[in-house]
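The values are calculated or read from the model by the stated rules, or taken from the named source; none is laboratory data. Small disclaimer: the values here were computed from a predicted structure and weren't measured. Neighbour counts are summed over all protein chains in view; Cβ atoms, including those assigned to glycine, are modelled from backbone coordinates with ideal geometry. Ligands, DNA and RNA are stripped out before the accessible areas are found, and what is left, the full protein with its side chains, is counted by its heavy atoms. Shrake-Rupley method; radii C 1.70, N 1.55, O 1.52, S 1.80 Å.
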Amino acid sequence: MDEFAFRKGCTYGTVLVDAEAGRVVDVLPDRTSETFAAWLKEHPGAEIICRDRASAYTKAVKEAAPDALEVADRWRLLQNLSAAVEKNLPPAPQLPAQTRRTGG
């Protein structure tokens, strides 16, 4: 699952994808916990929910599918890893300006 913009900066929705089948399952009209929780209740049986870090999605899963395993999607994992590496690395040394090579 992930959010997307119907109209950037104004209206957002949620797309639900079956990762195993590689197909879109449904498109929700917003990204609220109430809408997603209602969908989960109408479609019981979700075992694994791959999502971003939005608290609304977490709230919906806890309410409507408490036994489902929540996992971060690959993009989020890479984003988190990158941020952790950058935070823990010393600043890069300043390299001298490159000199232009001239033909001889």
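Summary table
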| quantity | calculated |
| --- | --- |
| Qualifying residue in region 77-90 (condition: open to solvent by less than 100 Å² (accessible area, probe 1.4 Å) and part of a strand (DSSP E or B)) | no |
| Members of region 62-75 found to be part of a helix (DSSP H, G or I) and either at pLDDT below 95 or open to solvent by 90 Å² or more (accessible area, probe 1.4 Å) (or both), listed by number | LYS62, GLU63, ARG74, TRP75 |
| Candidates ALA54, ALA46 - the one that is modelled with pLDDT of 85 or more and open to solvent by less than 50 Å² (accessible area, probe 1.4 Å) | ALA46 |
| Hits in region 30-43 - residues which are open to solvent by less than 90 Å² (accessible area, probe 1.4 Å) and in contact with a strand residue (DSSP E or B) (Cβ under 7 Å, 6 or more places away or on another chain) | ASP30, THR35, PHE36, TRP39 |
| Test: residue in region 26-36 that is within 12 Å of MET1 (Cα to Cα) and part of a helix (DSSP H, G or I) | yes |
